[in-house]
Amino acid sequence: MLGLRTRPEKQKLHFLQDFNAPVKNVFAFFSDHNRLKEIYPGFIKRIIDSPNPANCNDVGSSRVIFSFPLLFQETTTQYIESKYLEYKITFGSPIKNHIGKMHFIELSPTKTRLDYIIEFEPVIPYTGFIIQQINSKIVQDALSTLSLRFNQNPNY
């Protein structure tokens with residue numbers, strides 16, 4: 001009998017993107033759920049505010065993402081101002097055990113590097129590679145678009 005793979009197809013995407021903007025500006029963009037629709041396809045909206053009254057996008061806040069035919073919810077699980085964001089898919093999606101980790105590195109007062117890792121497992125076996133390729137293209141396009149916008153205006 002052939003040995004079929006019984007373990008999930010854990011996938012990992014890794015992105016490094018530099019921005020010609022201060023780290024606080026880049027972090028502010030990515031931490032604001034409602035601004036993500038400016039660079040990602042589909043409908044994105046914060047649907048749950050963080051319990052922190054000083055910051056509606058802090059830990060516990062959630063966004064809904066609708067990109068036909070997919071509907072899912074992502075929730076912020078870690079938030080360290082201008083340094084680190086982490087989120088998980090908490091509802092929907094053709095993937096499970098999804099986690100996004102965003103490290104913001106100040107290279108200079110006017111330059112920031114984003115070190116972004118996404119890990120997930122597909123719900124449907126043997127679809128991990130396809131999902132990884134699609135997500136890789138979407139995320140890289142979004143990061144490139146945002147980099148161009150920050151090149152034009154560091155306060156974007």
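The values are calculated or read from the model by the stated rules, or taken from the named source; none is laboratory data. All figures in this text were calculated on a predicted structure; none of them were measured in a lab. Reconstructed Cβ throughout: ideal geometry from the backbone, glycine too, with neighbour counts over all protein chains shown.
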*asked:* Residues to consider are 48, 80, 105; find the one that is in contact (Cβ under 8 Å) with a residue 40 or more places away in the chain, β-branched (Val, Ile, Thr) and either touching a Cys at 6+ places or on another chain (Cβ under 7 Å) or surrounded by fewer than 17 Cβ atoms within 10 Å (Cβ to Cβ) (or both).
replied: 105
*Can you pull out the residues in region 45-65 that are under 16 Å from the mean Cα position of the chain (by Cα) and modelled with pLDDT of 95 or more?*
45, 46, 57, 58, 59, 60, 61, 62, 63, 64
*asked:* Kindly evaluate residue 93 against the criterion of being of a type in the set (Gly, Ala, Ser) and either modelled with pLDDT under 95 or under 23 Å from residue 125 (Cα atoms) (or both).
replied: yes
_Which numbered condition residue 24 misses (of (1) in contact with a strand residue (DSSP E or B) (Cβ under 8 Å, 6 or more places away or on another chain); (2) loosely packed, with under 15 Cβ neighbours inside 10 Å)_ = (1)
